[in-house]
1. Tell me, please, whether a residue that is charged (D, E, K, R), modelled with pLDDT of 95 or more, more than 19 Å from Arg245 (Cα to Cα) and open to solvent by 10 Å² or more (accessible area, probe 1.4 Å) can be found in segment 308-331.
2. Any residue in segment 136-148 that's over 21 Å from His420 (Cβ atoms): show its pairings with residues that are at pLDDT below 95 and basic (Lys, Arg) at Cβ separation under 6 Å, as long as the two are six or more apart or on different chains.
3. Cβ contacts < 8 Å: first residue in contact (Cβ under 8 Å) with a residue 24 or more places away in the chain, restricted to segment 437-449; second residue among the acidic types (Asp, Glu), any location; separation 6+ or different chain. Result?
4. What is the number of the single condition among (1) among the charged types (D, E, K, R); (2) at pLDDT 95 or above; (3) open to solvent by 10 Å² or more (accessible area, probe 1.4 Å) that Asp248 does not meet?
5. Out of all the residues in segment 490-497, is one or more modelled with pLDDT of 95 or more, assigned to a helix (DSSP H, G or I) and surrounded by 17 or more Cβ atoms within 10 Å (Cβ to Cβ)?
6. Assigned to a loop (DSSP other than H, G, I, E, B), modelled with pLDDT of 95 or more and open to solvent by 20 Å² or more (accessible area, probe 1.4 Å): does that describe Lys82?
7. Open to solvent by 30 Å² or more (accessible area, probe 1.4 Å) and touching a residue at least 12 places away in the same chain (Cβ under 8 Å), is that true of Thr392?
8. Counting only residues that are touching a helix residue (DSSP H, G or I) at 6+ places or on another chain (Cβ under 7 Å), in contact (Cβ under 8 Å) with a residue 60 or more places away in the chain, within 21 Å of Asp80 (Cβ to Cβ) and open to solvent by less than 30 Å² (accessible area, probe 1.4 Å), how many does segment 266-307 have?
Amino acid sequence: MHQPLSRRNFLKTVGLAATYQIFPSISSAGKAPMVRQAHHQIRQAHCKPEQSRGIKHPNILIIHVDQHRMDCLGAYGNSDIKTPHIDSLASDGVRYDNSFCAFPVCTPSRYSFLCGQYVHEHRGWTNRSTLAPDIETFPKILRATGYRTKAVGKMHFTPTYLDVGFDELVLAEQDGPGRWDDDYHRYLMHHGLVDRNDLEDQLVDEYRPHAPKEYWDTFGALVSNLPEEHHSTTWIAEQAVQTLRDWDDKGGQLLMMGFIKPHHPFDPPSPWHKTYAPEKLSILPGWTRQCLDYDFQYSRGYFPNDKLTEPMLRLVMAYYYATISQIDYHIGRLIELLKKKGLYRDMLIVYTADHGDFMGFHHMLLKGNYMYDPLVNVPLIIKWPGNDPSKTVSQRMVNNIDLAPTLCLAAGCTPASKMHGKVIQTKDDGHDLIFAESSGGQQVMARSRTHKLILAAPRNGSTGSPSRTESRDKNLFFDLSKDPLEMNNLYNSPEYRDEVKRMTEALSEWRCKDPKPQAYQDRYLPQINQPNVPPRDLSHRESIIKYYQEKMFALQGRR
């Protein structure tokens, strides 16, 4: 089993002192009137005199991971993967088996999680979108009622340090220009390092076309080029540890940590890559020997799904599992620290993901196809304050928009009126239908406990825009009670005509009415006011981009 770094070397290499260079403070005095008004309204609506800073409200820790298929945890019945610390959270709390995301893409899902609205309501359709300043989030509400709020790791905002309610942001980003702003990539530059695997996987124009043959042959399953102590998972965990060391038992503290992993590339650092023997792993449910025709017509995949073989899937799974076990190890460090400080029992801790990964389902990897369960059914574990170990399993139907009002209520705050999620604490069965959307709203899903309907415009290849051409296979319907692996499309079956009609009408009532919805983006909205936030004019980017370009060109033999 992996041995932890020595404490001296750990703090020497990962400590906050060398994490980022200091930028001039950005004054908050120049906030737009709309932003000032929104902040004032939140305080008026949610502040209560007796709930000022220092009054005991539960400390809250949110562990948010990226692209985690739900059944890739020991707590959810996977006997191959080693996740003892996440499993212990499930033993001390509640495991939700019917937990779904509202949009299986990183930023849209995060915004729904934060504000309790569907994507067609908050308009954060893409990974380059912005959450409008007049939208209330649970961090804003908690901050206004006295909580100290902080986020570390991957947040995926535009602008990078967007004020969504966190007093502090210490960031490690992946997709998009946020990596040229964040603390982690400044940290790597400070140490003369570059996250080659990630740059080759994520920067599709600059570096992916020049990625080595091994990257393509292994579907991005590579040993990280970074030493473990500099890997993003280690760095993000250390920011959380540093934060929790300063917590006390008076409550009123919120930390959200966002791990980049297990999102692709599947690049655990050494020695974590040795944790699993590919040939000993059990293939996950839903694997087929070849792609289903309508899946392949919808999207060929970020990697060519039709080229995926079982041996290569096993390698991908081994490295995917390794990145999850690495996260689990650091969660164990956090739990140990919280117990040592006497904070664990009275805390609220959430473990969840923005979306899942096909991981072999229907012969596919990653995401970007129909909203099958491995993509939208995400892990959710909640350790409630003061709960004795119970190993409770809930079959409640949960959407990730439910977390925002739930966390507000748990913190002693009033949820915003436009939070449309259902509070999880209520003793009912949750949603009758789970709704989700994707592809700019051109794919929508309604799912009950027993049936699923997906309405989708067909797509051209892996990156093409939705086609106007009609296709009889663009709509899918499954009887999950008989077909949990979603293999048999019954959309045109006379036997299910009434149920298809009922769910279609429900989707029509719910879905976005704009045929061409526009993502909301404002790169010039006010950011938080902290010394680690880059200057507004983005003058810092030129030197950072140049540094990484020179490193990558040398590694790829392009100079």
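The values are calculated or read from the model by the stated rules, or taken from the named source; none is laboratory data. Just so we're clear, the structure is a prediction, and the values are computed from it rather than from any experiment. Every residue, glycine as well, gets a Cβ built from its backbone with ideal geometry; the counts of neighbours run over all protein chains shown. Keep in mind that these areas ignore ligands, DNA and RNA; they rest on the heavy atoms of the full protein, side chains included. Shrake-Rupley method; radii C 1.70, N 1.55, O 1.52, S 1.80 Å.
1. yes
2. Short answer, once both residue conditions are applied: Gly146/Arg53.
3. Gly441/Asp514; Gln443/Glu437; Val444/Glu437; Met445/Glu437; Ser448/Asp432
4. (2)
5. yes
6. Numbers: assigned to a loop (DSSP other than H, G, I, E, B): yes; modelled with pLDDT of 95 or more: yes; open to solvent by 20 Å² or more (accessible area, probe 1.4 Å): yes.
For Lys82, the condition - assigned to a loop (DSSP other than H, G, I, E, B), modelled with pLDDT of 95 or more and open to solvent by 20 Å² or more (accessible area, probe 1.4 Å) - is met.
7. For Thr392, the condition - open to solvent by 30 Å² or more (accessible area, probe 1.4 Å) and touching a residue at least 12 places away in the same chain (Cβ under 8 Å) - is met.
8. So the answer is 5.
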